[in-house]
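> There's a structure below that I have some questions on.
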Amino acid sequence: MYVDPTAQEMQHIGSYELPSVQQVESVIEQCRALLFPGYAGPDVDRGSPTALRDIIRARIIELRLALHRQVYRAAHHKRQQSLGRSDLECVECADKADTITDRFLTHLPELRRKVTLDLHAAYESDPAATGVDEILFCYPGTYAITVYRMAHALLREGAVTIPRIMTEAAHRQTGVDIHPGAEIGESFFIDHGTGVVIGETTLIGNRVRVYQGVTLGALSVPQGETRPTPGHRRHPTLEDDVVIYANATILGGQTVIGAGSVIGGNAFVTASVPPGARISGSPRTQR
């Protein structure tokens, strides 16, 4: 079938500004520099606590400016698409971006608390880790979780497109694909990371551990059927203290992995298992 390369949905030339993937990636690093000063972002000179506070304050101002622009561009684009127009500026979108950005910044202390718990979960779960510093420098799963937590906070405040750009940037860098809509509890650890997929409506409890190649996905919608309603549960629930070993696949919005369960490598699970279950790593479907 011939597709017109000039079709409107396939190009955006000579109109308002779109979000920039490169600038969103810069926002990620600015945010990481606030969460992990010294480990991420520019070096911080030793000085008085007052000097450090001044540096943090300046970084927050820089982050707000950069993030606001991208949130605004994404909101503006969605609005113009819905209206079928190409206005160069939008006051309503600017006000919305103000609110989303300012609310996101208030989440930074809580984000720092959560990623600290993730770091300690990685250290406690991996005997190969020599320290939290090695995890910050080297562990792709921890990087992906940190970016997910930023993106999830933005998504909950009403940002569009930018949260997905953020998690896809982490996906490209680490091989870990976490949708920002997933709900992930505290002290989460992904070991090795490569090939992990966590879908949009996944619910994950506290102290969950996942290994490489794990898929928390949706059962396919047969061709020709209606697309699921937005918000409809399509992905599984993992309760507290669950361990999922390498290359296991768990599918479906009604699938619940009970607290303390262990799912073996290469298992294929499409129905719930009770708390404390031990599922064989041989390929199988639980029904």
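The values are calculated or read from the model by the stated rules, or taken from the named source; none is laboratory data. This structure is a prediction, so every number in the text was calculated from the model and none was measured. Here the Cβ is made from the backbone with ideal geometry for all residues, glycine too, and neighbour counts use every protein chain on show. Side chains are part of the model used for accessible areas, which takes the heavy atoms of the whole protein and leaves out ligands, DNA and RNA. Shrake-Rupley method; radii C 1.70, N 1.55, O 1.52, S 1.80 Å.
> For residue 103 and residue 17, what does the FRET efficiency come to when R0 = 22 Å and r is the distance between their Cβ atoms, rounded to the nearest 0.05?
Values: r = 23 Å, r/R0 = 1.04.
After rounding, the FRET efficiency stands at 0.45.
> Calculate the spin-label point distance for residue 120 paired with residue 220, positioning each point 7 Å from the Cα along the beta-carbon direction, and give it in nanometres.
It is 4.4 nm.
> Going highest first, how would you order 204-212, 76-84 by mean Cβ packing within 10 Å? Intermediate results must be reported in sequence, preceding the final value.
On the way: 204-212: 21.2, 76-84: 14.1.
Ranked by mean Cβ neighbours within 10 Å, highest first: 204-212, 76-84.
> Then there is this: Report P(r) for the range 71-113: all Cα-Cα distances, bin width 5 Å, range 0 to the bin holding the largest distance, values in whole percent.
It works out to 5, 24, 23, 15, 12, 10, 6, 4, 1, in whole percents.
> Using only the Cα atoms of the range 137-181, construct the convex hull and provide its projected area averaged over every direction, in square nanometres to one decimal. Write down the numbers at each step before the final one.
Working: hull surface 10.6 nm².
Averaged projected area of the range 137-181's Cα convex hull equals 2.7 nm².
> Give me the dipole magnitude in Debye, nearest 20, for the chain about the Cα centre, with unit charges on the beta carbon: positive for Lys and Arg, negative for Asp and Glu. Spell out each step's value before the answer.
Working: 28 positive and 32 negative charges, 99 e Å.
The dipole of the chain has a size of about 480 debye.
> Counting only protein heavy atoms and a 1.4 Å probe, tell me what percentage of the range 37-159's accessible area is made up of carbon and sulfur.
54 percent
> Any idea what diffusion coefficient the range 107-260 gets from Stokes-Einstein, in µm²/s, Kirkwood Rh on alpha carbon pairs, 4 °C, 1.567 mPa s? Walk me through the numbers on the way to the answer.
Numbers: Rh = 15.6 Å.
Diffusion coefficient, whole number: 83 µm²/s.
> Tell me the GluC sites (Glu not before Pro) within the range 51-138 that lie in a loop according to DSSP and have at most 10 other beta-carbon atoms within 10 Å.
89
> Quick check on the range 1-138: what are the equivalent-ellipsoid semi-axes from the Cα gyration tensor, as sqrt(5λ), descending, whole Å?
Three semi-axes, in Å: 37, 21, 13.
> In whole Å, largest first, what are the principal axis extents of the Cα atoms in the range 65-148?
56, 23, 18
> Based on DSSP H runs of at least 4 residues, each adding -39500 (n - 2.57), what is the mean residue ellipticity at 222 nm of the chain after dividing by all its residues, to the nearest 500 deg cm²/dmol?
So the calculated ellipticity at 222 nm is -14000 deg cm²/dmol.
> When you take every Cα atom in the chain, what is the radius of gyration, and what is Dmax, the widest Cα pair distance, in Å?
Computed over the Cα atoms of the chain, radius of gyration and Dmax are 20.8, 66 Å.
> I would also like to ask the following. Expressed in nm to one decimal, what extension gain is obtained for the pair residue 134 and residue 54 from 0.36 nm per residue of sequence separation less their Cα-Cα distance?
Details: separation 80, 0.36 × 80 = 28.80 nm, distance 2.78 nm.
Once the chain is fully extended between residue 134 and residue 54, it gains 26.0 nm.
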